[in-house]
1. Which FRET efficiency value, to the nearest 0.05, is calculated for Arg77 and Trp154 with the Förster distance at 45 angstrom and r the Cβ-Cβ distance?
2. Between Trp9 and Tyr85, what is the spin-label point distance in nm, taking each point 7 Å from the Cα along the Cα→C-beta axis?
3. Ordered by residue, what ³J(HN,Hα) values in Hz, to whole numbers, does region 31-47 give under the Karplus form 6.51 cos²θ - 1.76 cosθ + 1.60, where θ = phi - 60° and Gly and Pro are x?
4. Taking a probe of 1.4 angstrom, what is the accessible area of Glu112 in Å², to the nearest 10?
5. So between Lys108 and Arg175, what do we pick up on full extension, going 0.36 nm a residue minus the alpha carbon distance?
6. Label Leu34 and Arg20 with points 7 Å out from Cα along Cα→Cβ: what is the distance between them in nm?
7. Under a cut-off of 18 Å between alpha-carbon atoms, report the lysines in cross-link reach of Lys108, not counting same-chain residues fewer than 8 places apart.
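The values are calculated or read from the model by the stated rules, or taken from the named source; none is laboratory data. Being a predicted model, the structure only gives us computed values, none of them experimental. No Cβ is skipped: glycine too gets one built from the backbone with ideal geometry, and neighbour counts run over all protein chains shown. With ligands, DNA and RNA removed, areas are computed over all heavy atoms of the protein, side chains included. Shrake-Rupley method; radii C 1.70, N 1.55, O 1.52, S 1.80 Å.
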Amino acid sequence: MIQADQDAWASHLAEYSALRSEINTRISLQHQVLALHMTAVSVVLSVALSGKTRWPVLLVIPFIAYTSSEILASLFRTVEGIAKYIDEELNPKVPGGLGWESWLVHQKPTSEVQKMTHPYYLLFPGISVISLLTVFPLVWGGRVSGHQPAASFWMVISAWPFAAVFTVLSFKAIRRLRAPF
């Protein structure tokens, strides 16, 4: 009976090891998404700042922020699901427990202020709001100057609402995160 128990513990520990490896992979992917997001936003800002007529490109930032935040939220949900499985299914089967996943659950913020002051809100929906607010006066400033509106004016006018929707969606994606912040 003792050998059977040891074999069962060994199989549970092997499963735990494989699941922890998957968690580490997902966390690594999260870091890559953050780096790619910051790089993409930096490139768009560089292009927008390189010429007076290139400011409409700022409307790409909300789309980048939305896609990045959704991918990040998906990775967080996967890590949380694996951690929950480990905590609820494997932890009771291993003498002494496993620990990290329980710690993760208890590290969630306790107040709305703690949630809303996390840097992800600035990194994703925040930068989108800044780009929308930057483009808005440029559009209307060009319109009231008395000149005939250019084609870019109408493109921006039609793209701005979509960019605003992507901004709201990125806020919702970050809001859904269940990470320990």
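1. The value I calculate is 0.70.
2. Placing both labels 7 Å beyond Cα along the Cβ direction yields 2.4 nm.
3. Ordered by residue, 3J(HN,Hα) equals 5, 5, 5, 4, 5, 5, 4, 5, 5, 5, 5, 5, 5, 4, 4, 4, 5 Hz.
4. Ignoring ligands and nucleic acids, Glu112 comes out at about 90 Å².
5. Answer, rounded to one decimal: 22.8 nm.
6. 2.2
7. Lys84, Lys172
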